């Protein structure tokens, strides 16, 4: 099975905190009850929900432009997956912003899903969050800019079950800063 599906809203909500809380609640209900849940059936009951960092709007970046990709690697490449497969991907461009006083660049990829795929690792990866990284799925706003909200960052399904194949985070999207937003591991799970 494959996963890096679309999670999270793409329209500007009137109350972004309420939107994130509602999305988390819906995802927890889906993971607890759906036959398609990545949580193995033996671990679903009782399922108390996923672990999340508290919502922090300091990790929400609105009005970002997608700059053309300017790296040295080719735009078209094969992204490795957790099962050893390779998947075609295109470097769609880069987002530039500041986190805790540090300049950050994240590349966005076109995987043919209709949204931009932004996998990333940060200084929490492997300790407080899944070691292979977390994902964001982005669509442009009405004005053509993007909202990159790390509160919507999610673990790939392969974090919950080896039955899934998930794209691995390219080295160019490994951040030295801590992103204390989005899904996290339950303490003691790392």
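The values are calculated or read from the model by the stated rules, or taken from the named source; none is laboratory data. What you see is a predicted model; the values in this text were computed from it and never measured. Don't worry about glycine lacking a Cβ; one is built from the backbone with ideal geometry, like all the others, and counts go over all protein chains shown.
Of everything in segment 53-76 that's touching a strand residue (DSSP E or B) at 6+ places or on another chain (Cβ under 6 Å) and part of a strand (DSSP E or B), which residue is surrounded by the fewest Cβ atoms within 10 Å (Cβ to Cβ)? Walk me through it before giving the result.
If we filter segment 53-76 for residues that are touching a strand residue (DSSP E or B) at 6+ places or on another chain (Cβ under 6 Å), which is where we start, we get 53, 60-62, 64, 66-69, 75-76.
Still in the running and part of a strand (DSSP E or B): 60-62, 64, 67, 76.
Working: 60: 17, 61: 19, 62: 13, 64: 18, 67: 13, 76: 10.
Checked segment 53-76; the qualifying residue surrounded by the fewest Cβ atoms within 10 Å (Cβ to Cβ) is 76.
Tally the residues that are within 15 Å of residue 169 (Cα to Cα) and assigned to a loop (DSSP other than H, G, I, E, B), restricting the search to segment 81-116.
Going through segment 81-116 one residue at a time, the tally reaches 5.
Would you check if residue 25 is over 18 Å from residue 182 (Cβ atoms), assigned to a helix (DSSP H, G or I) and without any contact (Cβ under 8 Å) to a residue 60 or more places away in the chain?
On the way: over 18 Å from residue 182 (Cβ atoms): no; assigned to a helix (DSSP H, G or I): yes; without any contact (Cβ under 8 Å) to a residue 60 or more places away in the chain: yes.
Taking the combined requirement at face value, the residue does not satisfy it.
Look through 165, 161 and report the one residue that is in contact with a strand residue (DSSP E or B) (Cβ under 6 Å, 6 or more places away or on another chain) and at pLDDT below 95. Spell out the reasoning first.
Details: 161 fails: in contact with a strand residue (DSSP E or B) (Cβ under 6 Å, 6 or more places away or on another chain).
Sole residue among the options that is in contact with a strand residue (DSSP E or B) (Cβ under 6 Å, 6 or more places away or on another chain) and at pLDDT below 95: 165.
Mind listing whichever residues of segment 161-190 are part of a loop (DSSP other than H, G, I, E, B), touching a helix residue (DSSP H, G or I) at 6+ places or on another chain (Cβ under 9 Å) and under 20 Å from residue 117 (Cα atoms)?
Hits for segment 161-190 are 164, 166, 179, 180, 181, 182.
Just one of 137, 149 is crowded, with 23+ Cβ neighbours inside 10 Å and either touching a residue at least 24 places away in the same chain (Cβ under 8 Å) or on the phi < 0 side of the Ramachandran plot (or both); which is it? Please lay out each step first, then the result.
Details: 137 fails: crowded, with 23+ Cβ neighbours inside 10 Å.
None of the others qualify; the one that does is 149.
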